[in-house]
Amino acid sequence: MRNEGANAEEDQEGTKNGHNDVRFQNGDGYGMSTSYDFAGDLEGLSLGAAYSSSDRTNQQEAYGKRYSARFAGGERAEAWTVGAKYDANNVYLAMMYAETRNMTPYGDTGIADQTQNFEAVAQYQFDFGLRPSLAWVYSKGKDMTYPGTAGNPQGQYGDVDLVNYVDLGMTYSFNKNFSTYVDYKINMLDEDDAFYTRNGIATDDIVGVGMTYQF
């Protein structure tokens, strides 16, 4: 349904249990979202929210029981999110907060029982084609398993940053078809933390450059 300034959607998802990586399988599920676009003095401002829920496959539940230290064992994968965006007067600002249950993959083999996630981005479009960008992306896993040590061979449970980086970017548009960009991802995860080494989570900074041509 659609009203002036307001939008709402509902979707259903079928079972996908043949994926080679069991983490990306899913059972039957549904999702819904709503957003509101302001007008008048607040034109350019939008607010939104979304929720999704799906059954987990038998294989996922079995993995959760067998590898409970690193693989979520709940019966349903759920996520909800709220966000806001301002896009007007050459300014783009956006932020999002979300929580997931039995859904978020991490490292090489894990799925977190619960995560809290935050993203924010700010961009400005100069008239001569330059568009700088600053973003922060953060995801915290709740009650995660730390690896054991000599003093504590059983390990422990606690909150762990799964993703934490600042992204500095800049795009220059030569014309409406051709642009070039540079992007620097500053990884703020502790490279000396054994949790990241054990789970294959990257802690390196990344630099990317490229060109884009749109036909």
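Readers should treat all values here as calculations from the given coordinates under stated rules, not as data from a laboratory. Given the structure is predicted, the values throughout are model-derived calculations rather than measurements. Here the Cβ positions follow ideal geometry from the backbone for every residue, glycine too, while neighbour counts run over all protein chains shown.
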| Which ³J(HN,Hα) values, rounded to whole Hz and listed in residue order, are derived for the stretch 89-103 from phi using the Karplus coefficients 6.51, -1.76 and 1.60 in 6.51 cos²θ - 1.76 cosθ + 1.60 with θ = phi - 60°, glycine and proline given as x? | 6, 6, 10, 10, 10, 8, 8, 8, 10, 9, 10, 10, 10, 6, 9
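With a 10 Å radius around each residue's Cβ, average the other Cβ atoms per peptide and rank 162-174, 107-119, highest first.
Numbers: 162-174: 16.8, 107-119: 19.3.
By packing density, highest mean first, the sequence is 107-119, 162-174.
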| task | Could you run the Karplus curve 6.51 cos²θ - 1.76 cosθ + 1.60 with θ = phi - 60° over the stretch 199-207 and give me ³J(HN,Hα) per residue in whole Hz, x for Gly and Pro? | result | 9, x, 9, 5, 10, 7, 6, 9, 10
| query | Tell me which lysines have Cα within less than 28 Å of LYS65's Cα, excluding those fewer than 8 residues away on the same chain? | reply | LYS16, LYS140, LYS142
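Place a +1 charge on the Cβ of each Lys and Arg in the stretch 2-213 and a -1 charge on the Cβ of each Asp and Glu, then give the dipole magnitude about the Cα centre in debye, rounded to the nearest 20.
I would put it at about 440 debye.
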| query | Computed FRET efficiency, Cβ-Cβ of LEU93 and TYR67, R0 30 Å: what is it to the nearest 0.05? | reply | 0.15
| said: So if each residue of separation counts as 0.36 nm, and I subtract the Cα-Cα distance between MET211 and THR34, what length gain in nm does that give? | reply: 60.2 nm
| Area projected by the alpha carbon convex hull of the stretch 2-213, averaged over all directions, nm² | 14.7 nm²
| query | What list of ³J(HN,Hα) couplings, whole Hz, do you get for the stretch 167-173 from phi and the Karplus terms 6.51, -1.76, 1.60, once you set θ to phi - 60° and write x for glycine and proline? | reply | 10, 9, x, 8, 10, 10, 9
| note | Simple SL model, points at 7 angstrom along Cα→Cβ for TYR172 and SER133; separation in nm is 1.7 nm
| query | Within the stretch 31-49, what residues put their amide N at less than 13 Å from the label point 7 Å along the Cα-to-Cβ vector of ARG76? | reply | 31-32
